[in-house]
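Heads up: the structure comes next, in C-alpha cells.
The values are calculated or read from the model by the stated rules, or taken from the named source; none is laboratory data. As the structure is a computational prediction, the values presented were derived from the model and not from experiment. Methodologically, a virtual Cβ is constructed for each residue, glycine included, from the backbone with ideal geometry; neighbour enumeration extends over all protein chains shown. Areas reflect the complete protein model, heavy atoms only, side chains present, ligands, DNA and RNA absent. Shrake-Rupley method; radii C 1.70, N 1.55, O 1.52, S 1.80 Å.
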Amino acid sequence: MFTIVRREEMAGGTVILNEIEAPQIARKARPGQFVILKANEEGERIPLTMAETDPEKGTITIIYMVVGKSTALFRDLKVGDGYQDVIGPLGKATHLEKVGKVVCVGGGTGVAVLHPITRALKEIGNDVTCIIGARTKDLLILEEQMKNASHDLRICTDDGSYGHHGFVTEVLKEILEQGDVKQVVAIGPVPMMKAVSAITKTYDVPTMVSLNPIMVDGTGMCGGCRVSVGGATKFACVDGPEFDGHQVDYDELMMRLRAYQEDEKKCHESYCTIRDAR
Amino acid sequence: MADKPEKRTRMPMPEQDPQVRARNFLEVPTGYTVAMAQEEAARCLQCKKPGCVEGCPVGVDIPGFISLLSKGDLTGAVRNLWSKNALPAVCGRVCPQEIQCEGKCIVGKKGQPVAIGNLERFCADYEREHGTGELPPKQKPTGKKVAVVGSGPSGLTVAGDLIVKGHDVTIFEAFHKAGGVLIYGIPEFRLPKAIVAQEINFLERLGVKIEVNAVVGRTVSLDELFEQGFDAVYVGVGAGLPRFMNIPGENLVGILSANEYLTRANLMKAYQFPKVDTPIPIGKQVVVLGAGNVAMDAARTAMRLGADNVKIVYRRSREEMPARKAEIHHAEEEGIEMFLLTNPTRYLGNDNGRLIGMECLRMELGEPDDSGRRRPVPIKGSEFTIDCDLCIVAVGSGANPLLTSETPDMQLNRWGYVVTEEKTGKTTKKGVWAGGDIVTGAATVILAMGAGRQAADSIHDYLTIGW
Ligand SMILES: Cc1cc2nc3c(=O)[nH]c(=O)nc-3n(C[C@H](O)[C@H](O)[C@H](O)COP(=O)(O)OP(=O)(O)OC[C@H]3O[C@@H](n4cnc5c(N)ncnc54)[C@H](O)[C@@H]3O)c2cc1C
Ligand SMILES: Cc1cc2nc3c(=O)[nH]c(=O)nc-3n(C[C@H](O)[C@H](O)[C@H](O)COP(=O)(O)OP(=O)(O)OC[C@H]3O[C@@H](n4cnc5c(N)ncnc54)[C@H](O)[C@@H]3O)c2cc1C
Ligand code: SF4
Ligand code: SF4
Ligand code: FES
Ligand SMILES: [Mg+2]
C-alpha cells in the first residue's frame, strides 16, 4: 500500500491534494512526469501528474479535480489510508531549456501540473510570466505557489471575481503583443490549450502543451492514449504527455476523451448514491 | 479391453453448450473425469520412438506421464510433467497441440491423435484440486540474487527454476498483477485466472519475491538492479506493442487494439462494470481484424459482452489463419462469422467521431510471398462496407521499447527485439539474459517457457561457474 501522509482540500473541496509515500518513484521523478494510481482491487487505473516530489522524504504529491467515480473514491481516502497501486514515474520529463522570456499558461488543475515546470524554468534562468485562470475566485488553486515559481503572476477569472475579467488567452495576447516571448507552455482543459495554441501560432511562438487522453497501462502497450500530432499517431503515455501545441489535433482528442461519457456518468452517480446512503 | 486401443475414437472433451457459453465467462471445456482420462490414456501406444515428444518444444515425456496416469499414479504423472514443463495446467489448455505434440502422434496418422493436451491439463488440474501442495525440495542458499523482469510464462519459469537451485529471486512486473499475457491477455473462459494465481502463489511459497508496479526502465533501470546487488537479470518483457493498420480513421472512438480491449476485460475485469470501475466499450456490431489466438479471444469476449454479431475480418484464407484449431472451432460454434479474403481500407465515422463502419476490399490469393503463403491481392472494384460500432485490431504486436531503449548496451535486431545467444539466452550485456516474446516476437506460451528454462540453466552456470 502507498500511504497518504498529507491531504488538503482546495477550491471548496473540488480539488484535492494527496502527499503519498512512494520512495522509489520520488527518487526518479522529473517535472512533467505522471503516475498511475489505483485505489483498491476493483479500482480503475487513473493517471495524475506529480505536482511535487520529495526524494528525501520519499513522497510524491498529486493534485486532482474530483470529476467522476474514481476521483470521488480518491477524495474519500484519509491520511493514513492509501492507494493499493501507484506506478511511475511515467511519460517523458519536460524538456527544460534556457530561452529567455517564457509564458506559462494554466487553467483548472492544469495549474498543478504547470507548477513544477514553471519553477524549473525559472530556476534555470528564464524570465517567467505566469497566467492562471479559473471560472471563479474560489476555484483558483496554488496562487501563492505560482507567485513564488514565477517572476510575474497574472490571474484571470471567467466571472471577474478576481484578477482580469475574462480568459487567459486575452492576457496572453497582450503579453505576446509586447514581443520577445520565446516559449509558451500551456496546460489545462483541452479547449484552453487549443485556444492558446491558435494564438501563439499567429505570433509564431513555440508552444508546449501537456495532453491528457484516456490511459490504461501508461507504458505503451495498449494504444488507448493515442493522439494525432502533426498527422502522425503518438502514444501520449510514452511519446508525451508533452507535445508541440501547434501540431496537435485537439478536436480528435476531445472526441476521444468522451469515449466512455455515458458509462462514467452512471458509474459516478451510483457511487454517490451509495455513499450518501451511508 | 475388447478393442485394440488405436481403434477407439478420441475421448471428446465435455464443453459448455455453445449457446449458453457465448454469453458467460466460465471456462468452455469442463475437463475429463478420471475414468475419461484413463480411457483416453489407453489409446497411447507407448511408442519406443515417440513422435509426440519430438513435436513438443520442451520435450515433455509424453508416454511417460500417460503411462503413470494409466496406472493411476496421478502425483507421479504430474511430477513427470513438471520436470519439463512448469505450467502444465496452462499448456494443456493453450498450446497449439495440433502443430506440436499431437501433430506428431502416430495414432493421428490414421485417426485422431491421442488428446495429449487434454491429458496434461487433467493431471495438472487433479494435482491442483487433490494434491498435497507439497513443495519440491530446494537446494541450500547460494547467496546469489537474480532479478526477473516481467512475470509472463517466461519469467515465471526462470523464477521457479532458479529458486529451487538455491538462488534468491525477485520478479519485477510493470502491471499491478503478475502473470503477463496469462492474466491480461488470455480470457477467463479459456484460462481461468484462479489457475494462474495458484501457479504464482506456488512460486511465492517457494520464496520468490514479486514486486508489482515496477516498470523497469522507469521505476528502476537495469543498471540500478545491479547496483542494488543483483548478480544476474533475466528480461522477459514480452512483445507488448500493439500494431495498428495505419489506414484512415483509425483514431475514431470505437477502435481499440486487442491489447487494450483484452486488458480492460481481463486484467481490469471490465466485464463486471459498473461493479468494477473500468469501463469497456460494448459493441453491438463488432469487427475483429486478424485471425490469430488474440483475434479469437477478442471476438469471443465481444460476443460475451452482448454483441448482436461479431465478424472476424482477415485478408488471407482459412488455411492461413494462425489461431489454434480449437479456438476457431469454438468461435464459430459461438456464432462468430468469418469474413476471409477481406481487407479493410478505411474506417467510417459519424460527426461525433464515433465508428459506424468500415470499407473493405475483397482479396484473392496470388503468388507465394516470403513466408511461403500465397499473397492476398485486392480484387479491383470489390469495395464494400461493413457496418460496425466497435472494431478490435488484432493484427499482431511488436517489441515495446520502454526498457530496451533505456539499455543501450543490450543489442537489438532491426525490429527492436533483443539479440541473444542461441541455447543460453545470453544478451550482449554482461549478466543479462532474455527470452520469450521479446526475443522471438509474438510466439507461444511453451516457447517462452522453453527459453526461460534454457536461460535459467545458463544463469545457474554463471552464478556457480562464471560468464
Ligand atoms: C498524463 C495525465 C495526467 C493527468 N494529470 C492530472 C492532474 O494532475 N490532475 C487532474 O485533476 N487530472 C489529471 N488528469 C486527468 C485525470 O486522469 C482524469 O480526470 C481522471 O482519470 C478522471 O477519472 P474519474 O473516474 O474520476 O472520472 P470519469 O467520470 O470516469 O471521467 C471523467 C473524464 O476524465 C477522463 N478520463 C476518464 N478515465 C480516464 C483515464 N483512465 N485516463 C485519463 N483520463 C480519463 C475522460 O475524459 C472522462 O470523460 C491527467 C490525465 C492524464 C492522461
Ligand atoms: C490474447 C492472447 C492470446 C494468446 N493465446 C495463446 C495461446 O492460446 N497459446 C499460446 O501458446 N500462446 C498464446 N499467446 C501468446 C503467448 O501468450 C505469449 O507468447 C507468451 O505469453 C509470451 O510470454 P513472455 O513471458 O515472453 O511475455 P508476456 O506473457 O507478454 O509477459 C511479459 C510481462 O512483462 C511485463 N513487462 C513488460 N515490460 C516491462 C517492464 N519494462 N518492466 C517490468 N515488467 C514489464 C508485462 O507487463 C508482462 O506481464 C496469446 C497471446 C495473447 C496476447
Ligand atoms: S507442453 Fe504443449 S506441446 Fe508439449 S506436450 Fe504439453 S501440450 Fe504438447
Ligand atoms: S506418439 Fe502418440 S501414441 Fe506414441 S507415445 Fe506419443 S502420444 Fe503415445
Ligand atoms: S496508456 Fe496504454 S499505450 Fe498509453
Ligand atoms: Mg472513471
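Summary table
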| quantity | calculated |
| --- | --- |
| Rounded to whole Hz, the Karplus (6.51, -1.76, 1.60) HN-Hα couplings of the stretch B:293-307, x for glycine and proline | 4, 4, 5, 4, 4, 5, 4, 6, 5, 4, 4, 5, 8, x, 5 |
| Across A:Lys265/B:Lys269; B:Lys49/B:Lys429; B:Lys49/B:Lys144, pairs whose alpha-carbon gap is larger than 30 Å | B:Lys49/B:Lys429; B:Lys49/B:Lys144 |
| Sequence-separation-based contact order of chain B, relative, with Cα cut under 8 Å and 6+ spacing, percent | 15 percent |
| Highest-first arrangement of B:87-100, A:33-46, where packing means the average Cβ count within 10 Å | B:87-100, A:33-46 |
| Solvent-accessible heavy-atom area per residue, rounded to whole Å², over chain B at 1.4 Å | 41 Å² |
| Shielding score for B:251-262, defined as the mean number of other chain Cβ atoms within 10 Å | 5 |
| Other protein chain Cβ atoms within 10 Å, averaged over every residue that makes up B:235-248 | 2 |
| Relative contact order computed over the stretch A:45-98 (Cα-Cα under 8 Å; 6+ residues apart), in percent | 20 percent |
| Average beta-carbon neighbours from other chains, 10 Å sphere, peptide A:27-37 | 1 |
| Residue pairs, from the table B:Lys145/B:Lys423; B:Lys177/B:Lys430; A:Lys38/A:Lys78, whose Cα atoms sit over 24 Å apart | B:Lys177/B:Lys430 |
| Other-chain or far-sequence residues with amide H under 5 Å of A:Gln183's (modelled H) | A:Val103 |
| Amide H contacts of B:Phe244 (H built 1.01 Å from N, under 5 Å, at least 5 apart or other chain) | none |
| Structure-based [θ]222 nm, the protein assembly as shown - -39500 (n - 2.57) summed over DSSP H runs of at least 4, per residue, nearest 500 | -9000 deg cm²/dmol |
| Local electrostatic count, A:Lys173, Cβ distance below 13 Å [Lys/Arg +1, Asp/Glu -1] | -1 |
| Relative contact order (%) - the stretch B:240-379, alpha-carbon pairs under 8 angstrom, separation at least six | 20 percent |
| Antiparallel DSSP beta bridges within chain B, as percent of all bridges there, nearest 5 | 40 percent |
| Residues in the stretch A:123-139 reached by a label modelled at A:Asp180 [backbone nitrogen below 19 Å; 7 Å Cα→Cβ] | A:123-131 |
| In order through the stretch A:57-70: 3J(HN,Hα) via Karplus (6.51 cos²θ - 1.76 cosθ + 1.60), integer Hz, x for Gly, Pro | 6, x, 10, 10, 10, 10, 10, 9, 8, 7, 10, x, 4, 5 |
| Span-rule helices in chain A, defined as complete DSSP H runs reaching 15 Å or more along the axis (Cα) with Kyte mean at least -1.0 | A:110-123, A:190-203 |
| Calculated FRET efficiency for the pair B:Asp73/A:Lys266, C-beta based, R₀ 51 Å, to 0.05 | 0.40 |
| Within straight-line cross-link reach of B:Lys109, aspartates and glutamates at Cα separation under 13 Å, skipping those fewer than 8 residues along the same chain | B:Glu6, B:Glu98 |
| DSSP-defined antiparallel bridges as percent of all bridges, the protein assembly as shown, nearest 5 | 50 percent |
| Reachable lysines, given that their alpha-carbon falls under 18 Å from the alpha-carbon of B:Lys311 and they are not under 8 places away in the same chain | B:Lys284, B:Lys325 |
